[in-house]
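Presented below is the structure to which this report refers.
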Amino acid sequence: MLKKDKALVVFSGGQDSTTCLFWALERYESVETVTFHYGQRHDAELECARAICKEVGVTQHELDMTLLSQLAPNALTDQDTEITQEAGALPNTFVPGRNLLFFSFAGVLARQIGAKHIITGVSETDFSGYPDCRDDFVKSLNVTLNLAMDETLVIRTPLMWLDKAEVWELSDELGKFEYVQEKTLTCYNGIPASGCGTCPSCELRARGLETYLRKKQVEQI
């Protein structure tokens, strides 16, 4: 594949965004990342993102979005709030407007650094019902960003139609399975790799991993 253009990866240091980072590195001549500090429950997420960017050798931009935690307090920004999800309702880890703001600021930054592609790991397949992870939202915002800045940016979502098992499979195809398994942080409690094992994010990650490994084992028989 001929590499060309520049890409900006919205990067948290989690399984999905790290897989997207390696996906982008295979496809674009130049890749940079943007990480948002929004008052999340633990600094470990920021530290993990910094460590991965340094190890991989990509330029990382950090933007202060702590105002978001003041406007929309929730379980992801308040360590004293238990993470819950009631039937038929959004989980209390949903941060209203988060991706709207993140992708908008990423668009402004992309314009400044000359990146035509914005890569994000949102998915409509294995998600918690977050409305700002849906394909319709991403496409709508993409149009709005280009109209607002008279640009031709493209928001790319390589994981949009993949479940967690397929995300693991993609990292394996990229030759980064063990790296993603050992170096990323997805856990709501700030524990890297396999995490605490009990929060919703860890459970989703573990189920996907188990499904993929079982599939891989069958294929090898």
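The values are calculated or read from the model by the stated rules, or taken from the named source; none is laboratory data. Computed from a predicted structure; not experimentally measured. Cβ sites come from the backbone with ideal geometry, for glycine too, and all protein chains shown count toward neighbours. Note: accessible area is taken over every heavy atom of the protein model, side chains too, but ligands, DNA and RNA are not part of it. Shrake-Rupley method; radii C 1.70, N 1.55, O 1.52, S 1.80 Å.
Screening the range 1-13 for residues that are in contact (Cβ under 8 Å) with a residue 24 or more places away in the chain, open to solvent by 10 Å² or more (accessible area, probe 1.4 Å) and in a loop (DSSP other than H, G, I, E, B) and picking the one that is nearest to SER104 (Cα to Cα) gives SER12.
Taken over the range 18-44, residues that are of a type outside the set (Phe, Trp, Tyr), open to solvent by 10 Å² or more (accessible area, probe 1.4 Å) and at pLDDT 95 or above amount to 7. Report the residue count in the range 45-73 for those that are free of Cβ contacts under 8 Å to residues at least 12 places away in the same chain and either of a type in the set (Lys, Arg) or crowded, with 16+ Cβ neighbours inside 10 Å (or both). Of the residues in that region, 1 qualify. Annotation: GLY208 fulfils all but one of (1) closer than 28 Å to ALA51 by Cα; (2) open to solvent by 40 Å² or more (accessible area, probe 1.4 Å); (3) assigned to a helix (DSSP H, G or I); (4) in contact (Cβ under 8 Å) with a residue 12 or more places away in the chain; the unmet one is (2).
Restricting THR152, THR186 to those that are open to solvent by less than 60 Å² (accessible area, probe 1.4 Å) and of a type in the set (Val, Ile, Thr) reduces the list to THR186. So which residues in the range 196-221 are over 21 Å from the mean Cα position of the chain (by Cα) and among the hydrophobic types (A, V, I, L, M, F, W, C), if there are any at all? Answer for the range 196-221, where residues must be over 21 Å from the mean Cα position of the chain (by Cα) and among the hydrophobic types (A, V, I, L, M, F, W, C): LEU213, VAL218, ILE221. Residue pairs whose Cβ atoms lie under 8 Å apart, separated by 6 or more positions or on different chains, with the first residue in the range 190-202 and assigned to a loop (DSSP other than H, G, I, E, B) and open to solvent by 20 Å² or more (accessible area, probe 1.4 Å) and the second of a type in the set (Ser, Thr, Tyr) and at pLDDT 95 or above, are PRO192/THR184; ALA193/THR184.
Does LEU170 satisfy being within 17 Å of the chain's Cα centre (by Cα), at pLDDT 95 or above and assigned to a loop (DSSP other than H, G, I, E, B)? Considered against the rule, which asks whether it is within 17 Å of the chain's Cα centre (by Cα), at pLDDT 95 or above and assigned to a loop (DSSP other than H, G, I, E, B), LEU170 comes out as no.
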